[in-house]
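Peer 1: Below is a structure I'd like to ask you about.
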Amino acid sequence: MRKALRWLLALVVLIGTVSTAGAATAAEPKAVDIKDRLLSIPGMSLIEEKPYTGYRFFVLNYTQPVDHRRPSKGTFQQRITVLHKDTARPTVFYTGGYSVSTNPSRREPTQIVDGNQVSMEYRYFTPSRPEPADWDKLDIWQAASDQHRIFKALKPLYSENWLSTGGSKGGMTATYYERFYPRDMDGVVAYVAPNDVVNREDKAYDRFFARVGTEECRDRLNGVQREALVRRAPLKEKYGAYAAENGYTFDTIGSLDRAYEAVVLDYVWGFWQYSTLKDCADIPADAKNATDDEIWNSVDTISGFSFYTDQGLAPYTPYYYQAGTQLGAPTIHFPHIEKKYIRYGYQPPRNFVPRSIPMRFEPWVMRDVDRWVRHNADQMLFVYGENDPWGAEPFRLGRGAHDSYVLTAPGMNHGANVAGLVPEEKALATARILDWAGVASADVRENPSAAEPLATFDAKLDKRDVQREPALRP
């Protein structure tokens, strides 16, 4: 009887415990899905979600003011993407400075810190363009303010450390963002970012082309470029047929002849921007005795005869507008080509923007950024490629810089990255990125040579290609 009573009492206690646990569980708030949290942000709307193992990937629109100084004067929808891993991980804020890809991808700092990634389409690149477009509102401060608003909107969700990054024009963008909003990010990783401080002084580029690679390679490239101008008449005829077949027009640049010369003059620059020394083997060794098709194919492969058409230029109107109003653009000379073969020379950005859009250059803008970086850079990393023409005018650090670095990857082009640095610098850069992101281990803090990316390399997500952009454009 006592045994039965003890059993009954134990059963009552057990049932009570289960009931209490069930009640406690029911009382706990259900976790809110990250998609719902994102869409609860005022101005945020979903375009689509795409699956990727280990992540959630969202393509979103975010409502931005056309003019951050006068937010009531109209808005536009800016496209962003979010590669979500975990709100407890750091976040990398990426922009390429142009349009944004709507497929999942992971930039190098994101792999290094094993974090989330927010990617922003630069304002005025379609579809992130106000209608009608007030081009006066396309400047580096307005774009930095776009990033600032996105950061402020997402920081409550992703509360750990943030790093900004970008390559080429994206590296410039990350730098400008830091200049105007230095308290937002915990670190900056700017890849192959040009720094055209004085737009009319471009001798650094001429010096670069006189030394880059090997003499044999330079001679091959110079030979093809010169020969393409010597044979202007027959190759222009080929160009005309090519344009007619594809429906290309030349209203913006002014003529097929101007477009032809622009493509040819981009040839040597385009090679070093996207190719490496070993690719010289693909360049005709004896240009004078090469066929017209060999010259055409080499120039088309590297520069692209479709680019200076109206159809090729149109997607890049926002870039050329900025180059002609604030960023600056390089001008180089061609000592290996007789002047009689060059009719226009390097044409200014004004020639690549429809005349209906007014432009006025502001020479003080880049001087301000350069001065700020020299004296105020804090936790900034600049990575350049030894054989990349855009590195001829890099950002430099002055005495006021703190915990900041300018590193060059030997033999690399416009795709230079941390992985391509010499081992000691690679370890240093990786360690600093981990530390800025707040995820460096005690071992790494004591010994930077132990630093390694925290996420395993994913061949699809971390594809190390160089995004093809306009030849001679960052």
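The values are calculated or read from the model by the stated rules, or taken from the named source; none is laboratory data. Please read all numbers here as calculations on a predicted model, not as lab measurements. Every residue, glycine as well, gets a Cβ built from its backbone with ideal geometry; the counts of neighbours run over all protein chains shown. Remember, those area values only see protein heavy atoms, side chains included, never the ligands or the DNA or RNA. Shrake-Rupley method; radii C 1.70, N 1.55, O 1.52, S 1.80 Å.
Peer 1: Taking segment 109-241, how much of its Cα-Cα pair set, in percent, is spaced more than 20 angstrom apart?
Peer 2: For segment 109-241, the fraction of Cα-Cα distances above 20 Å is 64 percent.
Peer 1: Pull out the extension gain between SER45 and LYS340, defined as 0.36 nm times the separation in residues minus the alpha carbon to alpha carbon distance; nm, one decimal.
Peer 2: Working it through step by step, the gained length comes to 100.5 nm.
Peer 1: For segment 357-474, what is Rg from Cα atoms divided by 2.2 N^0.38 Å, rounded to two decimals?
Peer 2: 1.25
Peer 1: Anything in the chain that counts as a DSSP H helix reaching 15 Å or more along its axis (C-alpha) with Kyte-Doolittle mean of at least 1.0? List them, would you?
Peer 2: 2-27
Peer 1: Take segment 188-278, drop everything but the C-alpha atoms, weight them equally and run the Debye formula without solvent; then report log10 I(q)/I(0) at 0.13 Å⁻¹ to two decimals.
Peer 2: Here log10 of I(q) over I(0) equals -0.63.
Peer 1: Taking every DSSP beta bridge with both residues inside the chain, roughly what % is antiparallel (nearest 5)?
Peer 2: On the way: 22 of 45 bridges.
If we restrict to bridges inside the chain, about 50 percent are antiparallel.
Peer 1: Further question: Across bins of 5 angstrom width beginning at 0, how are the C-alpha pair distances of segment 269-337 distributed, in whole percent?
Peer 2: Bin by bin from 0 Å, the calculated values are 3, 12, 15, 21, 22, 13, 9, 4, 1.
Peer 1: Suppose the chain between SER449 and ALA31 were pulled fully straight at 0.36 nm per residue; how much longer would it get relative to their current alpha carbon spacing?
Peer 2: Extending this stretch completely gives an extra 146.5 nm.
Peer 1: Related question: Can you give the accessible area of SER449 in Å² (nearest 10), computed on protein heavy atoms with a 1.4 Å probe?
Peer 2: Per-residue accessible area (SER449): approximately 80 Å².
Peer 1: In whole Å, what are the Cα extents of the chain along the three principal axes, biggest one first?
Peer 2: 116, 52, 46
Peer 1: Based on DSSP H runs of at least 4 residues, each adding -39500 (n - 2.57), what is the mean residue ellipticity at 222 nm of the chain after dividing by all its residues, to the nearest 500 deg cm²/dmol?
Peer 2: Mean residue ellipticity, 222 nm, calculated: -11000 deg cm²/dmol.
Peer 1: Once fully extended, how much extra length lies between LYS152 and GLU131, figured as 0.36 nm per residue of separation less the alpha-carbon to alpha-carbon distance? Numbers along the way, then the final one.
Peer 2: Numbers: separation 21, 0.36 × 21 = 7.56 nm, distance 2.53 nm.
Stretched fully, the LYS152-GLU131 segment lengthens by 5.0 nm.
Peer 1: Assuming R0 = 51 Å, can you tell me the calculated FRET efficiency for the pair ASP368 and GLU237, based on Cβ-Cβ distance, to the nearest 0.05?
Peer 2: Details: r = 48 Å, r/R0 = 0.94.
Taking R0 as 51 Å, the efficiency between ASP368 and GLU237 is 0.60.
Peer 1: Another question, then. THR63 to ILE357: FRET efficiency via 1/(1 + (r/R0)^6), r the Cβ-Cβ distance, R0 30 Å, to the nearest 0.05?
Peer 2: That gives a FRET efficiency of 0.75.
Peer 1: Leaving ligands, DNA and RNA out of it, rank ARG350, ARG69, ARG106 by accessible area with a 1.4 Å probe, largest first.
Peer 2: ARG69, ARG350, ARG106
Peer 1: Give the ranking of TRP364, TRP141, TRP272, TRP135 by solvent-accessible surface, highest area first, calculated with a 1.4 Å probe.
Peer 2: TRP364, TRP141, TRP135, TRP272
Peer 1: Can you pick out the pairs among LYS137/LYS339; LYS85/LYS278; LYS169/LYS278; LYS73/LYS460; LYS155/LYS460 whose Cα atoms lie more than 31 Å from each other?
Peer 2: Numbers: LYS137/LYS339 40 Å; LYS85/LYS278 38 Å; LYS169/LYS278 26 Å; LYS73/LYS460 42 Å; LYS155/LYS460 28 Å.
As for pairs spanning more than 31 Å Cα to Cα, those are LYS137/LYS339; LYS85/LYS278; LYS73/LYS460.
Peer 1: Using amide H atoms built in the peptide plane, which far-off residues or other-chain residues are under 5 Å from ASP378 H to H?
Peer 2: Here the answer is HIS402, since their amide H atoms fall under 5 Å of that of ASP378.
Peer 1: Right, next: For segment 32-88, what log10 I(q)/I(0) values come out of the Debye formula at q = 0.23, 0.26, 0.28 1/Å, with one point per alpha carbon and no solvent?
Peer 2: Once normalised to I(0) and log-transformed, intensities are -0.90, -1.04, -1.13.
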